[in-house]
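Take a look at the structure below.
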């Protein structure tokens, strides 16, 4: 059942350093679920690093404004290593 996962969402809304430390986890996740599409939800700034990882299909970057309130988000998709920005 779990081995048949098609989409996996990984959430890390901490600091950019924590996002960098996600790499070993994301790599092992992809090795264990090679057919799954992995999406990462991170604070803005983390998408810069994650777009370099071939194991991540999509990144949702949250931009926080006004004392932590989320105003809007940007979605970055990476088909075959290319990046495309959506708003």
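The values are calculated or read from the model by the stated rules, or taken from the named source; none is laboratory data. Here the structure is a predicted model, which means the values were calculated and not measured. Backbone-built Cβ (ideal geometry, glycine too); neighbour counts: all protein chains shown.
Quick notes on this structure:
- Those residues of the stretch 1-30 which are exposed (fewer than 13 other Cβ atoms within 10 Å of the Cβ), in a helix (DSSP H, G or I) and at pLDDT below 90, in sequence order: 2, 3, 4, 17, 20
- Scan of the stretch 1-29 for residues that are within 18 Å of residue 58 (Cα to Cα) and touching a helix residue (DSSP H, G or I) at 6+ places or on another chain (Cβ under 9 Å), ordered by number: 8, 10, 12, 16, 19, 20, 22, 23, 26
- Selection count, the stretch 31-57, where residues are part of a helix (DSSP H, G or I) and either out of contact with any strand residue (DSSP E or B) (no Cβ under 6 Å at 6 or more places or on another chain) or loosely packed, with under 12 Cβ neighbours inside 10 Å (or both): 4
- Residues located in the stretch 39-54, provided they are touching a helix residue (DSSP H, G or I) at 6+ places or on another chain (Cβ under 6 Å) and either modelled with pLDDT of 90 or more or over 26 Å from residue 4 (Cα atoms) (or both): 40, 45, 46, 49
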